[in-house]
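Structure, as structure tokens:
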Amino acid sequence: MTALIYPKLAWSGIWKNKKLYIPYLLTSIGMVAMFYIVSSVSYSEGIRGISGGDTIVEIMGFGSGVMAIFSAIFLFYSSSFLMRRRQREFGLYNILGMGKRHIGVIMLFETVFTSVISILLGLLFGITFSKLAEAGVHYIMKAEVGYEMTVSPEAILLALPIFAVIFTFILLVNLLRVRLSNPIALLHSESAGERPPRANPVLAIGGVVLLGIAYYIALTTANPIMALALFFIAVIMVILGTYALFISGSVFLCRVLQKNKRYYYRSDHFISVSSMAFRMKRNGAGLASICILLTMVLVMLTASFSLYSSEEDILRASYPRSILCQSGFNTFKDFENDETAASFRKTAEKALEDAGCEPENGYFFRMAYMICGMIDGSFTSFNDPSVNMDDYYYQSGSNNMYNLYMVPVRDYNEMYGTDYTLADDEALIYTAYEDYNDSVVNIKHIGEFRVVGHVDEMLDCDKIMISAYPTIILLVSNTGENLEPLEKFMSRYYHYGFDVADGTESAARQAIYNIELTDDGEQIYPGLFSLSFSSREFDRIDFFSMYGGIFFLGVMLSIMFMLAAVLIIYYKQISEGYEDRGRFEIMQKVGLTKKDIRRSIDSQMRTVFVLPIAAAAIHLAFAFPMLKRLLLMFNFKNGPLLLMTAGACVLIFAVIYLIVYKLTAGAYYRIVSSGER
């Protein structure tokens, strides 16, 4: 009988505190279910068997790890709310003679009950909805959906130990809290108020400085690669700055409102502002957590939906022609030879004609290319042995990396119908991502080119279109002997792109593939050493699977973050309701009506609770330029769509946020107005 007392007390504690445990269990079940769904997709043979499935599997494998980390953070954060409410009960047990060891046994059974319920129901719901998720992945990838129901044992075996470890860690931390507390402190922990907080100007200024630096980075970083490198630094600054500003700034806001006699000395404002002022340290931290979660949701959904909805446009921008043939050359002399270029193009066109393919919208040009950095005023190849690039890169980083292209001006004239003429030391310039305004371009080993003008059209070449570094394209008169000093540093290619009729892509690819480069061991085209090609239609599935996987993972993580935000909002209202209950009971005895209580609650929501969504919208607005540059690495350049998506996400989640707060405010109202225990 004695052995059964512990599980009975544990179950009784859960049932009596069901207002706290049911949301916690629902969130835990949701976390387990979503983890199983993402993991099952990563192990799905049905997904792996379709074209592009390997890409989805890799993305989901990464996503399951991310979800496990955030699940641990959110569940640990949520359990702290539960413990604060239960400490009074545990303190009473201790005073009545129950030792901390016995309290620990009760907590052990509570953890066993909640973890078993969470894991079993989470896996059940995960298995139930995993087929729907798999169908969604098939839809995203535009593949046919199978109807057989499957269970992923690998996902189950992965979920069981991960969440067992998470719940065990939560138990150990809670046991340590009880171990280090004394019975009187536990008994009064729920009703223990906070000292009247004082606005901390150092903390406030630090928060403003951190946010200012993060915003400056977001607004001024033009290089997409540098934006990626600085993005996580800016995120950390925003998180720290948000916490600092919400904790100290909210205290300052309450003090300002209290000094405003017209605002403060009103029944609906007096109570709400007074109560908030005495617990603003914890209140501000909770609001900051909600703000950060909402910001994550807005950024992820804005980016992932924009990419997914623009995948066809991005595909066509990355593959401006349905077929692209690239051929590499050993030397600049052979690369510059017009006879070789004409012979190769004629051979390719004949091969396509023999295969029944008629090329349309064709282009042909030569291009020399290298990745370089600006060193002592000269563009210098990263492969140049005369420069210690490791030391240089360590000092300047990817912000000083450039893609330098050199194209014969006569090839450009043929493509675009222009008639530019240039001297050997002159160049026309095209730039992408960053402007180049100097009058000369100095390239180490070959000297200076005078910039005599800019061109506005970009060459149709997927290698250029998807580049993430700042791009400089120089149109020059000669790419032969003049560039020979760069022969060890620059790659040299012919680019031949064209469209073909639907259904003939395979024949066109095969025709290009069958072009002979040698005859009896002798090179037919002097200096040509490689031949490669890409096809828009053949790469379409792999391309869509990457963007679809990003979108699917973004949706799943957004749901997880929203669940965490809703749980924090709910616990915040419930815990503050129990804290304020005694004060409202006293005020009701001296004449405060329930209508006054409702007005006070509404005032509190209008005063403070709108701040997280407003701050999240501001964070998104300042992150927008950096987000736009980061998406350039995916060849996404539709700024208006990104802006409309961001605005729509803010409006949608503002409505969801306010609905959640209205509902949880109702729970707060019922606690403080009815005195429920």
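The values are calculated or read from the model by the stated rules, or taken from the named source; none is laboratory data. Values in this document were obtained by computation on a predicted structure and should not be read as measured data. Note that each Cβ is placed from the backbone with ideal geometry, even for glycine, and that neighbours are counted across all protein chains shown.
Yes or no: residue 329 over 23 Å from residue 629 (Cα atoms) and crowded, with 22+ Cβ neighbours inside 10 Å? So residue 329 fits the description; yes.
Restricting attention to region 414-433, the residues that are surrounded by fewer than 16 Cβ atoms within 10 Å (Cβ to Cβ) and farther than 19 Å from residue 320 by Cα total 6.
Take residue 230 and tell me if it is at pLDDT 85 or above, more than 30 Å from residue 83 (Cα to Cα) and within 35 Å of the chain's Cα centre (by Cα).
Taking the combined requirement at face value, the residue does not satisfy it.
Looking at residue 524, is it surrounded by fewer than 16 Cβ atoms within 10 Å (Cβ to Cβ) and out of contact with any helix residue (DSSP H, G or I) (no Cβ under 7 Å at 6 or more places or on another chain)? Yes: the conditions hold for residue 524.
Take residue 475 and decide whether it is assigned to a strand (DSSP E or B) and of a type in the set (A, V, I, L, M). Please lay out each step first, then the result.
Numbers: assigned to a strand (DSSP E or B): yes; of a type in the set (A, V, I, L, M): yes.
Here the answer is yes, as residue 475 does meet what is asked.
Residues in region 215-227 that are of a type outside the set (S, T, N, Q) and out of contact with any Leu (no Cβ under 9 Å at 6 or more places or on another chain) were compared, and the one that is modelled with the lowest pLDDT is 225.
Using the structure shown, decide if residue 172 is modelled with pLDDT under 85 and either surrounded by 21 or more Cβ atoms within 10 Å (Cβ to Cβ) or closer than 30 Å to residue 35 by Cα (or both).
Values: modelled with pLDDT under 85: no; either surrounded by 21 or more Cβ atoms within 10 Å (Cβ to Cβ) or closer than 30 Å to residue 35 by Cα (or both): yes.
No, not satisfied.
Criterion applied to 84, 101 was being charged (D, E, K, R), in a helix (DSSP H, G or I) and either modelled with pLDDT under 75 or farther than 23 Å from residue 16 by Cβ (or both), and the one residue passing it is 84. Checking each residue in region 456-478 for being within 17 Å of residue 366 (Cα to Cα) and modelled with pLDDT of 80 or more picks out 471, 472, 473, 474, 475, 476, 477, 478.
Pairs meeting the criteria (first residue in region 616-644 and polar (S, T, N, Q), second residue assigned to a helix (DSSP H, G or I), beta carbons under 8 Å, at least 6 apart or on different chains) are 635/314; 635/317; 635/318; 635/465; 638/306; 638/313.
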